[in-house]
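What follows draws every value from the coordinates through simple rules; no lab data is involved. All of these numbers come straight from a predicted model, not from anything done at the bench. Positions of Cβ are generated from backbone atoms using ideal geometry, with glycine treated the same way; all protein chains shown enter the neighbour counts.
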Amino acid sequence: MTKYIIVSGGVVSGIGKGVIASSTGLLLKTTGLKVTAIKIDPYMNIDAGTMRPQEHGEVYVLNDGGEVDLDLGNYERYLDVTLSRDNNITTGKIYREVIEKERRGDYLGKTVQIVPHVTNAIQDWIERVSKIPADNTGEEPDVCIVELGGTVGDIESAPFVEAMRQFQFRVGYENFALIHVSLVPDMHGEQKTKPTQTTVHALRGLGLLPDLIACRLIVQKPLEPATKEKISMFCHVSAEQVIGVHDVSSVYHVPLLLQSQGIVQYLHKRLNLGSIELTKEMKERGLDLEKRWRDLTGRQERLYDDVSIVLVGKYTDLQDSYMSVSKALEHSAFRCQRKLTLKWVNSSDLEPETQATNPAKYHDAWRAVVSAGGILVPGGFGTRGTEGMILAIKWAREQKIPFLGICLGFQLAVIEWARHVCGFTEATSTEFDGDTKQPLIIFMPEISKTHMGGTMRLGLRPTVFEAGSEKWSKVRQLYGGAEKIWERHRHRYEVNPEYLEKLSESGLSFVGKDERGERMQVLELPDHPYFVGLQAHPEFCTRPLNPSPPFLGFVAAASSHTVLRDQMNLQLKSFRPPHPVHAMVSEAELRHAEPTVPGEEAAIAAGEQQS
Ligand code: GLN
């Protein structure tokens with residue numbers, strides 16, 4: 001029987017429920033258990049694919065092409081698992097399922113209602129997905145963490161809360177525990193418990209009892225014993241059930257903070273985890289994970305040198321828009337034993353127009369770019385800011401500053417080269433100018449122009465390296481010299497094959513292509529310290545203890561060239577694919593991820609294209 005740990009939230013959202021949930025999962029993994037996770041987002045969207053990044057942060061992409069909430073990224077990284085699109089439940093998905101069933105006549109003439117039809121659909125979904133193997137053992141998970149987005153008491157989350165109330169009886173007391181994450185405000189040094197009392201009261205009113213109350217303090221001061229006592233008293237739980245989660249030096253310290261307060265022992269007892277049989281190998285794996293995690297956090301305290309990276313993007317006003325990119329940089333910096341200094345530059349600020357309208361802003365933006373050890377241009381959609389990105393890429397190329405271009409950044413590096421090296425002065429993408437005479441980047445033929453939801457080239461795709469490139473290609477060496485690699489994609493445009501000859505003749509190497517050799521996927525300049533672009537998004541497969549190879553090479557190059565050499569040797573020795581690729585994605589699933597045009601007329605407007 002699977003053990004379920006529900007993580008709900010109270011008072012306000014955005015206080016780190018996802019980190020507490022994934023840290024709990026990680027801790028259980030260190031005991032040798034197999035852990036998976038489900039995120040519930042009580043919004044009407046089917047998935048996060050059509051949302052602007054400024055709305056909810058980055059759209060995270062899974063192996064199967066699912067476009068999901070960024071919290072799924074947290075789970076994949078912390079638990080080192082590979083999740084599917086079904087691990088992200090939204091109101092939209094549940095209602096669609098129930099309505100489709102109703103139209104098919106599956107309810108046999110009954111009145112279809114929130115209770116029991118919607119609540120049953122939620123419970124069935126959770127039970128089904130919790131059994132899907134998520135790690136490289138290929139076995140059913142022992143524990144499933146279910147994070148309920150939003151806060152208890154919202155209209156949106158009500159059907160999910162009710163479903164959880166029923167679920168505790170469906171799976172039984174010993175298989176269901178609830179962690180309620182609440183806020184304890186610190187007012188002039190005084191820790192206030194009233195908001196927590198109120199939210200726990202609301203939770204009980206809805207029929208759910210907290211087994212653990214995780215009290216978030218948005219200050220560096222730990223939860224005081226007297227506050228703990230008070231919460232225990234007024235919320236009808238024992239003191240060991242009250243956990244303090246104050247601000248620590250990094251999110252990687254949260255698991256250890258929870259562990260130090262006995263959360264593992266508590267859950268062990270409460271869920272009778274001792275009844276799950278663990279092989280010696282699983283226990284050893286757990287211990288090894290704990291050791292490596294402790295090393296990582298310990299080393300983090302002793303980083304003296306830093307590495308400065310500038311991220312030149314268009315969604316820089318909400319840094320969550322680049323969550324996985326910043327995680328990949330962070331993981332790589334740990335491996336290079338550097339403290340990461342990440343500067344965010346809005347690419348529009350680098351453009352001549354800003355120089356005219358706001359010279360101070362222009363000056364600051366360029367100062368950040370020219371003083372950085374490495375320049376990164378991430379993915380993005382639409383025209384705004386792309387000229388600024390091209391200028392930053394030109395600087396990186398000419399000044400031999402390490403550069404990494406991801407997806408849009410890769411496409412813009414091709415445009416920059418075409419304009420300034422090949423003399424195609426008007427080179428651009430048809431995404432920015434549909435009538436251009438020099439379309440270096442073009443719309444992929446199989447993609448729908450009228451529909452946005454789930455119609456890109458999405459999910460895990462192979463890249464094949466050019467024969468002989470293992471001798472010179474840094475990026476290939478970073479992947480352990482592999483002939484073929486797998487990374488996740490999310491795009492609608494690609495390099496125009498008509499320009500390939502001109503681009504290659506002038507020295508731009510497309511070192512990695514798709515399996516048919518038609519689609520350009522990795523570019524690299526051989527006579528540059530590190531100039532790499534990928535059509536894929538390797539940041540979606542990074543792990544704290546196993547950084548994404550192209551990011552590692554980039555950060556190492558930005559740290560210094562000698563470090564690059566050492567790091568590459570290290571990577572060659574320790575490289576393993578960051579996700580159990582073949583076990584997790586079947587050909588059928590990949591086909592499922594191929595873009596399709598939904599039959600219905602209603603095109604989903606909004607989306608990133610308009611931003
Ligand atoms: N807008 C570009 C495309 O659709 C790049 C996408 C991205 O960066 N994710 O191809």
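DSSP finds beta bridges in the chain, and of those with both partners inside it, around 35 percent are antiparallel.
When you count the other C-beta atoms within 10 angstrom of each residue and take the mean per peptide, 97-103, 427-433 line up highest first as 427-433, 97-103.
Sequence gap at least 6, Cα distance under 8 Å: using those rules, report the relative contact order of the chain to the nearest whole percent. Write out the running numbers ahead of the final one.
Working: 1239 pairs, mean separation 98.5, N = 611.
Answer for the chain is 16 percent.
So in region 30-168, what percent of DSSP beta bridges are antiparallel if you round to the nearest 5?
The antiparallel proportion sits near 20 percent.
Spatial offset of region 343-387 relative to region 138-185 amounts to 43 Å, using the alpha carbon center of each.
What does the extension gain come out to for His268 and Leu108, with contour length at 0.36 nm per residue minus their alpha carbon separation? Intermediate results must be reported in sequence, preceding the final value.
Numbers: separation 160, 0.36 × 160 = 57.60 nm, distance 4.32 nm.
Once the chain is fully extended between His268 and Leu108, it gains 53.3 nm.
Classification of region 170-276 by its C-alpha gyration tensor yields an oblate form. The axis ratio a/c (a ≥ b ≥ c) is 1.5 or more, and b/c is at least a/b. Of the residues Leu212, Phe381, Val146, the one whose Cα sits farthest towards the positive end of the charge dipole of the chain is Leu212 (charges of +1 on Lys and Arg Cβ, -1 on Asp and Glu Cβ, taken about the Cα centre).
Temperature 25 °C, viscosity 0.890 mPa s: under these conditions the Stokes-Einstein estimate for region 378-507, based on its Kirkwood radius over C-alpha pairs, is 153 µm² per second.
Distances between placed amide hydrogens fall under 5 Å for Val7 paired with Val146, Glu147, Leu148, Ile179, all partners being 5 or more residues away or on another chain.
Taking θ as phi - 60° and the Karplus parameters 6.51, -1.76 and 1.60, the scalar couplings of region 387-401 work out to 5, x, 5, 4, 5, 5, 5, 4, 4, 4, 5, 6, 8, 6, 8 Hz in sequence order, x denoting glycine and proline. Less than 5 angstrom separates the built amide H of Gly66 from those of Arg85, all sequence-distant by 5 or more or on a different chain. Once you divide the Cα radius of gyration of the chain by 2.2 N^0.38 Å, the number left is 0.98.
Treating only the Cβ of Lys, Arg, Asp and Glu as charged (+1, +1, -1, -1), what charge dipole size does the chain show about its Cα centre? Round to the nearest 20 debye. Walk me through the numbers on the way to the answer.
Details: 68 positive and 78 negative charges, 286 e Å.
Once rounded to the nearest 20, the dipole reads 1380 debye.
Taking a threshold of 22 Å on the Cα-Cα distance, which of the pairs Lys194/Lys228; Lys17/Lys192; Lys29/Lys339; Lys3/Lys39; Lys314/Lys394; Lys34/Lys283 fall above it? Result: Lys29/Lys339 exceed 22 Å.
When ranked by the protection proxy of mean other Cβ atoms within 10 Å per residue, highest first, what sequence do the peptides 483-494, 142-153, 294-305 form?
Working: 483-494: 21.0, 142-153: 24.0, 294-305: 12.5.
Those peptides, ordered most packed to least, come out 142-153, 483-494, 294-305.
Judged by the mean number of other Cβ atoms found within 10 Å, the most tightly packed of the peptides 236-244, 86-94 leads the ranking 86-94, 236-244. Between Phe176 and Tyr4, the built amide H atoms are under 5 Å apart, and every one of these is 5 or more places off in sequence or on another chain.
Taking the Cα centroid of region 1-70 and of region 202-262, what is the distance between the two, rounded to the nearest whole Å? Centre-to-centre distance over Cα atoms comes out at 20 Å. Per residue of the chain, the DSSP helices (runs of n ≥ 4 H) give a summed -39500 (n - 2.57) that works out to -11000 deg cm²/dmol at 222 nm. Across region 96-110, rounded Karplus estimates of 3J(HN,Hα) from the backbone phi angles (6.51 cos²θ - 1.76 cosθ + 1.60, θ = phi - 60°) give 4, 4, 5, 5, 4, 5, 4, 5, 6, x, 5, 8, 6, x, 6 Hz, Gly and Pro being marked x. Backbone phi angles across region 328-341, fed through the Karplus curve with coefficients 6.51, -1.76 and 1.60 (θ = phi - 60°), yield HN-Hα couplings of 4, 5, 4, 4, 5, 5, 4, 5, 8, 6, 10, 7, 7, 10 Hz in residue order; Gly and Pro are listed as x.
Put +1 on the Cβ of each Lys and Arg and -1 on the Cβ of each Asp and Glu in region 28-91; which of Thr30, Leu83, Ile46 then has its Cα farthest toward the positive end of the dipole? Value computed over the given set: Thr30.
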